[in-house]
Amino acid sequence: AQKITQTQPGMFVQEKEAVTLDCTYDTSDQSYGLFWYKQPSSGEMIFLIYQGSYDEQNATEGRYSLNFQKARKSANLVISASQLGDSAMYFCAMRVGGYSTLTFGKGTMLLVSP
Amino acid sequence: DTGVSQDPRHKITKRGQNVTFRCDPISEHNRLYWYRQTLGQGPEFLTYFQNEAQLEKSRLLSDRFSAERPKGSFSTLEIQRTEQGDSAMYLCASRPGQGFSYNEQFFGPGTRLTVL
């Protein structure tokens, strides 16, 4: 069975600072994908970044980067230069199976203060 | 707007009533997913369509739940004889079969169901 664990229920960061959101995963598959989504209070899930299990380079998308450590089964999200608009729930997810359904963690609430 | 749309955005119903939600995916996406998100949790997979075929269903999808995707375009999710435990956000997502955004699932705004 696949599982995503996010151990930080909430994180606080000051504006312009960097923050790391933790994610560990468990799967016996060799081929899988890891995602991070942002969910603001409006409820919509916004895709941030994707890392494939065979990708050798860590994924980056603007201020977002994914610190992929395959041996440790971790896929931490790093947000550089936090902005007030980054305050939201963040979910780590894993693509499983041939139909690519997503298994999500419980999320981390990020609050960015001025 | 070319994103995934869902209707209604909010639904309040009494226990025992039937409800139906609609999802319109991005037009060129042939893959469609339904998820349920309860308070304080991440979304949980319910069911998956490829074109009009329902190819996977979660154990969460009890006999009271049914989903369709006629003609491989929009999809509906019906809950019969609603229970208070059905109160949740129901999210729809779509994905292309190939191409640049192949890996990403694009989510709609969700339908928030409250069962009184």
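Just report the Cα centroid separation between the range A:64-88 and the range B:1-53, whole Å.
Their Cα centres are 28 Å away from one another.
Would you tell me the accessible area of B:Thr13, worked out with a 1.4 angstrom probe on the heavy atoms of the protein chains, in Å² to the nearest 10?
Surface accessible to solvent at B:Thr13 totals approximately 10 Å².
Quick one: 3J(HN,Hα) in Hz for the range B:9-20, Karplus 6.51/-1.76/1.60 with θ = phi - 60°, rounded, Gly and Pro as x.
7, 9, 9, 10, 9, 8, 3, x, 7, 9, 9, 9
Compare B:Arg112, B:Arg15, B:Arg59 by solvent-accessible area with a 1.4 Å probe and give them largest first, with all protein chains kept in place. Please list the in-between numbers first.
On the way: B:Arg112 105, B:Arg15 170, B:Arg59 215 Å².
From most accessible down to least: B:Arg59, B:Arg15, B:Arg112.
Quick one: ranking B:His10, B:His29 by accessible area, 1.4 Å probe, largest first, what do you get?
B:His10, B:His29
Of chain A, which part is the longest with no trypsin sites (Lys or Arg not before Pro) in a loop (DSSP not H, G, I, E, B) and with at most 11 other C-beta atoms within 10 angstrom?
For trypsin sites (Lys or Arg not before Pro) (loop position, at most 11 other Cβ atoms within 10 Å), the longest site-free span of chain A is A:17-71.
Using a 1.4 Å probe and counting only protein heavy atoms, how much accessible surface gets buried when A and B come together, both sides summed, in Å² to the nearest 100?
Protein heavy atoms only, the A-B interface buries about 1600 Å².
So how much accessible area does A:Met89 have, in Å² to the nearest 10, using a 1.4 Å probe?
Here the accessible area works out near 40 Å².
Quick one: what are the phi-derived ³J(HN,Hα) couplings along the range B:69-78, Karplus 6.51/-1.76/1.60 with θ = phi - 60°, whole Hz, x for glycine and proline?
Here the 3J(HN,Hα) series is 8, x, 6, x, 10, 6, 10, 10, 10, 10 Hz.
With label points built 7 Å along Cα→Cβ from the Cα atoms of B:Glu28 and A:Glu56, find their separation and express it in nm.
For B:Glu28 paired with A:Glu56, the spin-label model returns 3.1 nm.
Amide H to amide H, which residues 5 or more places from A:Thr101 or on other chains are under 5 Å from it, using H placed in the peptide plane?
A:Val96
With a Cα-only, solvent-free Debye model of the range B:49-103, what are the log10 I(q)/I(0) values at q = 0.17 Å⁻¹?
So the normalised log intensities are -0.67.
Magnitude of the Cβ-charge dipole of chain A, K/R +1 and D/E -1, about the Cα centre, nearest 20 debye? All intermediate terms of the calculation are to be shown ahead of the outcome.
Details: 9 positive and 10 negative charges, 42 e Å.
That gives a dipole near 200 debye.
What spacing in nm lies between the two simple spin-label points modelled at A:Val78 and A:Gln2, each 7 Å away from Cα in the Cβ direction?
Between A:Val78 and A:Gln2, the simple spin-label model gives 2.6 nm.
Name the GluC sites (Glu not before Pro) in the range B:21-53 that are in a loop by DSSP and that have at most 16 other C-beta atoms within 10 Å, would you?
B:Glu28, B:Glu52
Please list 3J(HN,Hα) in residue order for the range A:67-76, calculated via the Karplus relation 6.51 cos²θ - 1.76 cosθ + 1.60 where θ = phi - 60°; whole Hz, with x for glycine and proline.
Using θ = phi - 60°, the values come out as 8, 9, 10, 5, 5, 8, 6, 10, 9, 7 Hz.
Please give the contour-minus-distance gain from B:Glu68 to B:His10: 0.36 nm per residue of separation, less the Cα-Cα distance, rounded to one decimal in nm.
18.8 nm
The values are calculated or read from the model by the stated rules, or taken from the named source; none is laboratory data. No experiment lies behind these values; they were computed from the predicted model shown. Here the Cβ is made from the backbone with ideal geometry for all residues, glycine too, and neighbour counts use every protein chain on show. SASA here: full protein model, heavy atoms, side chains in, ligands and nucleic acids out. Shrake-Rupley method; radii C 1.70, N 1.55, O 1.52, S 1.80 Å.
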